[in-house]
There are 2 protein chains.
Amino acid sequence: MGSIPITLSSEKKKKPNQDQLEFGRTFTDHMFVMDYSNEKGWYNPRIMPYQSITLDPAAIVFHYGQTVFEGLKAYLTQDEKVHLFRPEKNMERLNRSNDRLCIPNIDEEFAIEAIKKLVHLEKDWIPSAPGTSLYIRPFVISTEAYIGVAPSKTYQFIVILSPVGAYYKEGINPVKIAVESKYVRAVPGGTGEAKTGGNYAASLKAQELVAGSGYAQVLWLDGVERKYVEEVGSMNVFFKINGEIVTPSLNGSILEGVTRNSVIKLLKHWGYTVNERKIAFEEIYNAHKDGQLEEAFGAGTAAVISPIGEFSWNEHKLVINNGETGEVSKKLYDTLTGIQYGTEQDPFDWIVEIND
Amino acid sequence: MGSIPITLSSEKKKKPNQDQLEFGRTFTDHMFVMDYSNEKGWYNPRIMPYQSITLDPAAIVFHYGQTVFEGLKAYLTQDEKVHLFRPEKNMERLNRSNDRLCIPNIDEEFAIEAIKKLVHLEKDWIPSAPGTSLYIRPFVISTEAYIGVAPSKTYQFIVILSPVGAYYKEGINPVKIAVESKYVRAVPGGTGEAKTGGNYAASLKAQELVAGSGYAQVLWLDGVERKYVEEVGSMNVFFKINGEIVTPSLNGSILEGVTRNSVIKLLKHWGYTVNERKIAFEEIYNAHKDGQLEEAFGAGTAAVISPIGEFSWNEHKLVINNGETGEVSKKLYDTLTGIQYGTEQDPFDWIVEIND
Ligand SMILES: Cc1ncc(COP(=O)(O)O)c(C=O)c1O
Ligand SMILES: Cc1ncc(COP(=O)(O)O)c(C=O)c1O
């Protein structure tokens, strides 16, 4: 882990109260930064005090959204070890996103080393209360001062850290989801499978419109036929129909979640049949009508598993499992968090420990 | 034009040589900035020295692409007047983009006043050589330091200016365009009709892939059926088929160009039939085969009118009008630039003059 110089911050921020942690508002004392130029490639990796970014107003990021990002977490175990969960998956996806956005690839192993070194330095920031963690946000911004529509010639890769509270304050809790029929998040041939700003910008409006009616997030349908289930806000989605698990296949417009991949692996390990395929929402509706829709849940880094207690679809309301958390959802949540916090066996070697 | 305080820059930059102007690389001495907060609304409008923007690394613009922008030009006439071309159209579109991106609206008249005041201050920067102009780039960035996916609570509206050279150095010149069949720019329900970063980020890859084979830009097809013509890079597109002009209708995924609107008005004024409708590229191919595709051209602020000399579509090459500029393209170019530079009559009152 050599070769990444550290400049320590002279003042340490006051750490927030562990039971008042809000997602994504507080950041630690340090950040990792690395620059890119066409001549030098990625250069000057460094850890430095958390500080503002200064850019020319013509920087491409302000105009043409040439950005990518990732999201993962560091977990503190009861015996004070620090765990990352499948960080190599995030870094692979970062480079797939980079490819789509014409951003030069980043050495994945080096990026993980950088994250480890930064998290290790900020170990005191990892909250210890149950369900809390340190959220890790790597991202790339295009910094060239040029307002022609073309890939930037310079970039910064930055990693910031934010202590986050338990997603479920009073135990895992089902959410209500509105099926979106007007707005579209992504379409094959677009940027849906990349983790890039524009996808999230596109999602704000639909989100805002349903929030008023008590829905936590929207379920996106495909942008071509407006029939097939894609994903939910920042989660992939699963259904248990008549004992079998189904989830939309990776079709080019869905983000390939690390949690999604882990859920599929665990379910198969437990002997479930998991089908990745096209799923019309009408099929979900019919399964529900026939009493065969046993569970529905979202899967993503932030919430781990988010049981879905109700869908609204046009004029229909589908209450699932009496609005309660299903058995499979619960077992997945317990197992995944158990692996992450080191209280459960890790049969697939998913944990990467950060050593002193 | 009161109420916008000006802080003058103490050092003036050296102005670039008029015949070496490149698009979007040089910026003037001053910029306009205005802030937004939920409590104050848009406040603190000011003109100040052109300078870097300093933002928290967690600013929403770096992560979720919540941005919009506009593009228009100031033209210097032979008698040293300064012209804007239909700026109210750009400001209307800015607010339509704002609506889609959950960004608070900006007072359109005030924004035009701000642009006028800034351009007036930078009058010496407007190049005078034929075909040159001062490009005006208004844009909004989301500045809140919060990495939850939600609309920002704070923004900056900024206007920067860049002197730009003649788009055609040796007279108006046809370009080669590749019809894109793999990548998609936008889809109804998405953000295609908004001028927001993500659309341009999504376009980089296709652009990069065709540039190597000598194509200037790609022609986007619709993202649903992958059949219908949408637009070209940063231009709307028109075809002259058997004496009649056709252009794709505004379907929710195409940007509504100010030039497009002006072209339609002029053509109708001249007695042409203009049909705004769905156009399958196959129809263009067939018209070409039958010798009825007389002209094709792009229309946008940067190039004004860009004749298309060749389309490549799968394995086909369609050479149009022997690769030469068509009559209608030429007449539109001459008339539009004539109105802009004040050498032609302005029958629709499109010019807004900036007075001392
Ligand atoms: C659009 C979208 N889908 C799915 C996910 C879930 O991915 P992961 O499990 O890697 O967090 C996320 C969050 O990262 C997301 O932003
Ligand atoms: C995607 C796109 N289409 C069309 C246009 C043409 O619009 P306008 O004529 O207003 O410049 C532009 C440029 O602004 C554009 O970016």
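Couple of notes before you dig in:
- Label-reachable residues, region B:78-109, where backbone N falls under 11 Å from a point 7 Å from B:Glu353's Cα toward its Cβ: B:79-83
- Phi-based couplings in Hz for region B:215-227 (Karplus 6.51, -1.76, 1.60; Gly and Pro marked x): 9, 6, 8, 9, 9, 7, 9, 4, x, 8, 9, 6, 10
- Positive minus negative residues near B:Ala206 (Lys, Arg vs Asp, Glu; Cβ under 9 Å): +1
- For the options A:Val319, A:Val224, A:Val33, a Gaussian network treatment of chain A with springs between C-alpha atoms closer than 10 Å singles out A:Val224 as fluctuating the most.
- Across chain B, the mean sequence separation of Cα contacts (distance under 8 Å, 6 or more residues apart), normalised by length, yields a relative contact order of 18 percent.
- Choice from A:Gly41, A:Gly300, A:Gly131 showing the highest fluctuation, given a GNM over chain A with Cα pairs closer than 10 Å: A:Gly41
- Per-residue extension of 0.36 nm, minus the Cα-Cα distance of A:Glu225 and A:Ala129, leaves a gain of 30.1 nm for this segment.
- Under 12 Å, Cβ to Cβ, from B:Ala287 - net charge with Lys/Arg +1 and Asp/Glu -1: -4
- Residue pairs, from the table B:Lys15/B:Lys73; A:Lys123/A:Lys330; A:Lys15/A:Lys73, whose Cα atoms sit over 20 Å apart: A:Lys123/A:Lys330
- Karplus 3J(HN,Hα) series, Hz, for region B:152-163 with 6.51 cos²θ - 1.76 cosθ + 1.60 (x for Gly, Pro): 4, 9, 9, 9, 10, 9, 10, 10, 10, 10, 9, x
- Chain A: calculated mean residue ellipticity at 222 nm from DSSP helix runs of at least 4, using -39500 (n - 2.57): -7000 deg cm²/dmol
- Annotation: amide H of B:Ala58 has no partner in the under-5 Å range at sequence separation 5 or more or interchain, hydrogens built in the peptide plane.
- For chain B, the share of accessible area belonging to carbon and sulfur comes to 45 percent (1.4 Å probe, ligands and nucleic acids excluded).
- For B:Ser181, nonlocal amide neighbours, meaning residues 5 or more places apart or on other chains whose placed amide H falls under 5 Å from its own, do not occur.
- Coil-residue GluC sites (Glu not before Pro) of region B:280-356, DSSP, other Cβ within 10 Å capped at 13: B:Glu315, B:Glu344
- Extension reserve of the A:Gln292-A:Ser3 stretch, reckoned as 0.36 nm per residue once the Cα distance is removed: 98.4 nm
- For region A:158-193, residues shielded by at least 20 square angstrom of accessible area compared with the chain on its own, probe 1.4 Å: A:Ile160, A:Tyr183, A:Val184, A:Val187, A:Pro188, A:Gly189, A:Thr191
- Alpha-carbon centroids, region A:168-245 and region B:300-322: separation in whole Å: 39
- Whole-angstrom gap from region B:37-52 to region A:134-160, using each part's C-alpha centre: 24
- Per residue, the solvent-accessible area of region A:196-295 (1.4 Å probe, heavy atoms of protein chains only, all protein chains present) comes to 37 Å².
- Put a dot 7 Å past the Cα of A:Asp99, heading toward its Cβ, do the same for B:Glu244, and the two dots end up 4.5 nm apart.
- Region A:175-341: relative contact order as a whole-number percent, Cα under 8 Å and 6+ apart: 23
- At least 50 Å² of accessible area lost relative to the chain alone, listed for region A:53-91 with a 1.4 Å probe: A:Ile53, A:Pro57, A:Phe62, A:His63, A:Tyr64
- Global form of region B:5-45, assessed from the alpha-carbon gyration tensor, a/c cut-off 1.5: oblate
- Ranked by how many other beta carbons lie within 10 Å on average, peptides A:114-127, B:195-208, A:7-20 from highest: B:195-208, A:114-127, A:7-20
- Solvent-accessible area per residue in region B:18-164 equals 31 Å², computed with a 1.4 angstrom probe and all protein chains kept.
- Cα shape, region A:175-341, gyration tensor, a/c 1.5 rule: rounded
- Nearest-0.05 FRET efficiency for A:Lys331 and B:Asn173, computed from C-beta distance (R0 60 Å): 0.35
- Residues of region B:106-146 that bury at least 50 Å² of accessible area once all protein chains are present, compared with their chain alone (1.4 Å probe, heavy atoms only, ligands and nucleic acids left out), are B:Arg137, B:Tyr146.
- The interface between chain A and chain B buries about 5000 Å² of solvent-accessible area in total (1.4 Å probe, ligands and nucleic acids excluded).
- Taking amide H atoms as placed 1.01 Å from N in the peptide plane, the amide H of B:Lys278 lies under 5 Å from those of B:Ser249, each 5 or more residues away in sequence or on another chain.
- The phi-based Karplus calculation (6.51 cos²θ - 1.76 cosθ + 1.60; θ = phi - 60°) puts the 3J(HN,Hα) values of region A:328-334 at 5, 3, 5, 5, 5, 4, 5 Hz, whole numbers, x for Gly and Pro.
- Cβ-based net charge around B:Ser181, under 13 Å, with every Lys or Arg adding one and every Asp or Glu removing one: -2
- Three-way shape call for region A:128-208 based on the alpha-carbon gyration tensor, with the a/c threshold at 1.5: oblate
The values are calculated or read from the model by the stated rules, or taken from the named source; none is laboratory data. Here the structure is a predicted model, which means the values were calculated and not measured. Virtual Cβ from ideal backbone geometry, glycine too; neighbours counted across all protein chains shown. Note: areas computed on protein heavy atoms with side chains; ligands, DNA, RNA excluded. Shrake-Rupley method; radii C 1.70, N 1.55, O 1.52, S 1.80 Å.
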